[in-house]
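To start, the structure itself, in structure tokens.
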Amino acid sequence: MSTPGRPNFWGLIQSSDITWDLAKATGQNTTLDTGLSEIGFNMVSVVAPLGCERGAFGSEVSVDDPASFRDRMLSMSGRQP
């Protein structure tokens with residue numbers, strides 16, 4: 001739930017992850033906007049522990065370094081980029 005006048009960051013994280021999930025599952029392009037991926041990564045890095053605890057995210061997946069913001073965001077939410 002968001003507060004009027006404040007951005008709904010959780011919605012951004014969910015829509016990025018769900019967009020990627022659907023694209024991957026259906027064999028489509030999984031590219032996410034670079035700027036949104038950076039914002040998403042910064043948000044996921046803060047909420048990932050709580051997301052894992054509540055079952056919203058799986059365990060973090062390892063990615064090669066250096067990894068893009070998209071790959072780092074997805075791996076923190078339990079997805080294999």
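Numerical summary
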read-out: Output for region 43-71, where each listed residue is small (Gly, Ala, Ser) and open to solvent by less than 90 Å² (accessible area, probe 1.4 Å); value: 45, 48, 51, 55, 56, 58, 67, 68
read-out: Enumeration of residues in region 61-73 that are modelled with pLDDT of 90 or more and under 15 Å from residue 47 (Cα atoms); value: 72
read-out: Complete set of residues in region 72-81 that are open to solvent by less than 40 Å² (accessible area, probe 1.4 Å) and not in a loop (DSSP other than H, G, I, E, B); value: 73, 74, 75, 76
read-out: Test for residue 40: is it closer than 13 Å to residue 78 by Cα, at pLDDT 70 or above, open to solvent by less than 80 Å² (accessible area, probe 1.4 Å) and not basic (Lys, Arg); value: no
read-out: Failed criterion for residue 44 (all others in (1) assigned to a helix (DSSP H, G or I); (2) in contact with a Gly (Cβ under 6 Å, 6 or more places away or on another chain) hold); value: (2)
read-out: Residues being open to solvent by less than 80 Å² (accessible area, probe 1.4 Å), farther than 12 Å from residue 71 by Cα, at pLDDT 85 or above and β-branched (Val, Ile, Thr) - total across region 10-37; value: 0
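One line per residue, one yes/no per condition, for (1) among the polar types (S, T, N, Q); (2) farther than 19 Å from residue 30 by Cα:
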| residue | (1), (2) |
| --- | --- |
| 46 | no, yes |
| 59 | yes, yes |
| 64 | no, no |
| 67 | no, no |
| 76 | no, no |
| 81 | no, no |
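The values are calculated or read from the model by the stated rules, or taken from the named source; none is laboratory data. Bear in mind that the values here come from a model prediction, so they are computed numbers and not experimental data. With ideal geometry, Cβ positions are generated from the backbone for all residues, glycine too; neighbour counts draw on all protein chains shown. Quick note on the areas: whole protein, heavy atoms, side chains included, nothing else; ligands and nucleic acids left out. Shrake-Rupley method; radii C 1.70, N 1.55, O 1.52, S 1.80 Å.
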